[in-house]
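First the structure, in the form of structure tokens, and then the observations on it.
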Amino acid sequence: MDIKYIMQKSRYKFVHDNKALLYDVTKLSMYKKELSLFIKELYIYNVSLKNLAKETPRPVIKDELLNLAIICNENERLANWIKVHRLLPYKNLSSISGKPQKFFERWSNYLMAYFIIIHNNYSHIYSFMNIKAIEPFTRDKKLTDTNPEEKDTSSDTFAGLVLKVKANGCYILTSWGTFAFIKNNGDTSMGELCSGQISKERDYFKVTAGIFIAVLVLTLITSFYLYNLKGRTVVIQGKLSMTIETNKWDKVITSTALNPTSYELNKGIKTFNRSLDSVLSSLLEAAVSQNYIDEKNTTVIYISGGTADYPNIEKTKQYIKDNKLSVTINFNGINLSSEEEKN
């Protein structure tokens with residue numbers, strides 16, 4: 001930490017009093033002009049009112065951010081760096097203050113907003129914020145005690161200068177340097193005083209993203225359900241003994257071995273999401289190589305399904321024919337193997 005920083009970090013402080021009494025309506029046009037320029041500057045420095053109103057620093061942190069903004073303004077090198085890069089020099093500020101970089105990343109919006117007000121000499125905005133100079137090595141207990149944020153953090157009603165009006169509320173800057181979004185309290189415009197309860201502006205991007213995710217999840221669940229909806233059952237009886245379940249697209253979703261011999265065979269073949277024809281031909285090919293199917297051992301393949309739901313198993317039938325296997329395929333009482341032989 002820079003030794004000078006110890007002396008500089010508490011030179012100024014936000015103090016609360018009734019700014020409505022001090023507000024000069026004759027200067028409304030000046031407030032509007034400065035606020036308009038200020039909001040444009042925020043945009044240039046990539047600071048949004050939404051982010052400013054999202055989280056409020058505690059009074060002690062806010063006071064330190066104010067003093068840091070003044071330090072940056074007084075230091076020509078830091079001020080020029082901020083103006084050129086439109087960012088805060090996190091490493092330099094960490095070195096000066098001894099605070100971690102995450103501190104400045106978290107409160108960068110507030111620090112940048114204070115810097116813009118001070119550096120551009122927005123005198124009317126600055127005078128509206130009740131900033132008091134504190135004498136070195138003193139503790140003004142009266143000033144500290146008059147800050148309502150320190151006395152009652154449960155209060156959710158704020159008053160301040162209107163920065164921007166929206167359909168469901170408005171952004172304000174309070175006299176103690178807090179940016180907030182409050183519910184509409186009548187017709188207001190930029191530069192006027194407005195009071196109301198703190199409200200969180202709805203993040204429509206998050207709402208849209210939430211809807212998209214919900215639809216995506218629902219689609220995935222529906223697709224998963226439809227994909228795994230049972231289409232037909234295939235039972236293989238013989239030395240090779242298995243049951244196979246497919247979906248309505250004749251893609252295999254489960255295959256279960258019914259004896260130890262078939263278990264070892266099934267374990268070595270990928271069946272999930274493959275066509276029934278491909279799985280049957282692969283199983284038969286593996287069974288032949290392991291001598292599970294021969295002329296002495298007849299194997300019967302029973303395939304369920306409606307009469308119009310004829311299975312596409314041409315590859316399997318051709319393999320049986322080419323290898324003269326003792327395999328019978330029965331589809332709803334129709335011997336497909338016999339039909340193949342007749343043809």
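Only the coordinates and a few stated rules stand behind these numbers; no lab work does. In this text, all values refer to a predicted model and were calculated from it rather than measured experimentally. Ideal geometry is used to build each Cβ from the backbone, glycine not excepted, and the neighbour counts take in all protein chains shown.
Take each of the peptides 107-115, 39-47, average the number of other beta-carbon atoms within 10 Å over its residues, and list them starting from the highest. Intermediate values should be presented prior to the final figure.
On the way: 107-115: 23.0, 39-47: 15.7.
Most protected by this proxy first, the peptides run 107-115, 39-47.
What is the fewest-to-most order of ARG77, ARG86 by other Cβ atoms lying within 10 Å of their Cβ? Walk me through the intermediate numbers first.
Working: ARG77 10, ARG86 13.
Neighbour counts put them in this order, fewest first: ARG77, ARG86.
Given just the C-alpha atoms of the stretch 38-104, how large is their convex hull per residue in cubic angstrom? Intermediate results must be reported in sequence, preceding the final value.
Details: hull volume 6.7 nm³, N = 67.
It comes to 100 Å³ per residue, whole-number rounded.
May I ask for the distance between the Cα centers of the stretch 60-118 and the stretch 238-252, given as a whole number of Å?
68
Exposure proxy check: SER282, SER195 ranked by fewest other beta carbons within 10 Å? Don't skip to the answer; put the middle values down first.
Numbers: SER282 19, SER195 15.
Ranked by crowding around the Cβ, least crowded first: SER195, SER282.
What ranking, highest mean first, results for peptides 172-182, 239-249 when packing means the other Cβ atoms within 10 Å averaged over each residue? Write down the numbers at each step before the final one.
On the way: 172-182: 23.5, 239-249: 18.5.
Peptide ranking by packing, descending: 172-182, 239-249.
Quick one: net charge around ILE39, please, counting Lys, Arg +1 and Asp, Glu -1 for every other residue with C-beta under 11 Å from its C-beta.
On the way: positive: LYS32, LYS40, LYS164; negative: GLU34, GLU41.
Around ILE39, the surrounding residues sum to +1.
Within 10 Å of each residue's Cβ, count the other Cβ atoms and sort ILE301, ILE61 from fewest upward. Let's see the in-between values first.
On the way: ILE301 25, ILE61 14.
By the 10 Å Cβ count, ascending, the order reads ILE61, ILE301.
Please work out whether the stretch 229-342 counts as rounded, prolate or oblate from its C-alpha gyration tensor, where a ≥ b ≥ c are the square roots of the eigenvalues and a/c under 1.5 means rounded, while otherwise a/b larger than b/c means prolate and anything else oblate? Can you show the working numbers first?
On the way: a/c = 1.66, a/b = 1.07, b/c = 1.55.
Here the stretch 229-342 falls in the oblate category.
Starting from the 7 Å offset along Cα-to-Cβ, what nm value, one decimal, do you get for the label separation of SER326 and VAL84?
9.1
Note down the net charge around LEU258, summing +1 for each Lys or Arg and -1 for each Asp or Glu among other residues with Cβ under 13 Å from its Cβ.
Details: positive: LYS239; negative: GLU264.
Once all neighbours under 13 Å are counted, the net charge is 0.
For the stretch 1-135, count the residues as N, evaluate 2.2 N^0.38 Å, and divide the Cα radius of gyration by that value, please.
Numbers: Rg = 14.9 Å, N = 135, 2.2 N^0.38 = 14.2 Å.
Computed over Cα atoms of the stretch 1-135, the ratio equals 1.05.
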